[in-house]
Amino acid sequence: MPLPSTMTPIATNTLTSNLASGVITFSNIPQTYTDLVIVAVGQGYTSSSYGNLQVQFNGDTGTNYSSTELKEFAGTASSSRRTTQSYLFATSFLDAGSASLLVGTSIINVFNYANTTTFKSTLSRGNLPGFKTELNVGLWRSTAAITSLTLTANDTPINAGASFTLYGIKAA
């Protein structure tokens, strides 16, 4: 299926070896789009939990992030809210290195990323087949235009072959 004419790939990072620290960075993001989309497809290893994908913008490690999560995990629904965090919780999409070795996906929308008069909001969806489905709404309390972003899988290192693609979205 072809991409919509308003969606342009900016950069892709495909891991050629296992990434123990779980950090992916996109720098020098062009300011010529209205929104960004990050698509992550991957698998975790050697951990006892499911990997949480976190996002930071422009190297900001201050407590300027908040997120609200709705999830269904193994048949049970729950929600949580995180405020004054040093990262934006995006999704849990990595398997914990179980024998099933599930491949998970995460799609993160970043709205009005180049706007310098509003805080930045996000909507992310994650899926680990047969185990977990999530929806997260996030806020970065900064009016700075986003020029770089860092993705971190904090609980689970990432297997080789995982792919992270950053897309720019132009207004239709």
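In region 57-72, is there at least one residue being modelled with pLDDT of 95 or more and under 13 Å from the mean Cα position of the chain (by Cα)?
Yes: one or more hits.
When you scan region 131-143, how many residues do you find that are over 18 Å from THR63 (Cα atoms) and part of a loop (DSSP other than H, G, I, E, B)?
Looking only at that region, the number is 1.
Has region 131-143 got at least one residue that is open to solvent by 60 Å² or more (accessible area, probe 1.4 Å), modelled with pLDDT under 85 and under 21 Å from GLN43 (Cα atoms)?
Scanning region 131-143, I find at least one residue that is open to solvent by 60 Å² or more (accessible area, probe 1.4 Å), modelled with pLDDT under 85 and under 21 Å from GLN43 (Cα atoms), so the answer is yes.
Could you look through region 110-130, keep only residues that are assigned to a loop (DSSP other than H, G, I, E, B) and closer than 16 Å to ILE38 by Cα, and pick out the one that is least open to solvent (accessible area, probe 1.4 Å)? Spell out the reasoning first.
Step one: filter region 110-130 for residues assigned to a loop (DSSP other than H, G, I, E, B), giving 112-119, 129-130.
Going one step further and asking which of them are closer than 16 Å to ILE38 by Cα, we end up with 112-114.
Numbers: ASN112: 80, TYR113: 0, ALA114: 30 Å².
By that ranking, first place goes to TYR113.
Which pairs do you get when a residue that is without any contact (Cβ under 8 Å) to a residue 40 or more places away in the chain and over 15 Å from GLN54 (Cβ atoms), found in region 134-161, comes within reach of a residue that is open to solvent by 50 Å² or more (accessible area, probe 1.4 Å) and among the hydroxyl-bearing types (Ser, Thr, Tyr), reach meaning Cβ atoms under 7 angstrom, with the pair 6+ apart or on two chains?
Filtered contacts from region 134-161: THR143/THR116; THR143/THR117; THR143/THR118.
Applying the selection to region 144-172, what residues are surrounded by 15 or more Cβ atoms within 10 Å (Cβ to Cβ) and assigned to a strand (DSSP E or B)?
LEU149, THR150, LEU151, THR152, ALA153, ILE158, PHE164, THR165, LEU166, TYR167, GLY168, ILE169
Could you list, ordered by first residue, the pairs with Cβ atoms under 7 Å in which the first is in region 30-45 and under 16 Å from PHE111 (Cβ atoms) and the second is charged (D, E, K, R) and open to solvent by 10 Å² or more (accessible area, probe 1.4 Å), at least 6 apart or interchain?
Going by the 7 Å Cβ cut-off, the qualifying pairs are TYR33/LYS170; THR34/LYS170.
Suppose we filter region 1-30 for residues that are modelled with pLDDT of 90 or more and open to solvent by 80 Å² or more (accessible area, probe 1.4 Å); how many remain? Explain how you work it out, then say what you get.
Narrowing region 1-30 to residues modelled with pLDDT of 90 or more: 8-14, 25-30.
With open to solvent by 80 Å² or more (accessible area, probe 1.4 Å) added as a condition, the list becomes 12, 28.
Qualifying residue count, region 1-30: 2.
The values are calculated or read from the model by the stated rules, or taken from the named source; none is laboratory data. On a predicted model such as this, the values are computed, not experimentally measured, just so you know. Heads up, the Cβs are rebuilt from the backbone with ideal geometry, glycines too, and the neighbour counts pull from every protein chain shown. Ligands, DNA and RNA are excluded from the accessible area calculation, which covers all protein heavy atoms including side chains. Shrake-Rupley method; radii C 1.70, N 1.55, O 1.52, S 1.80 Å.
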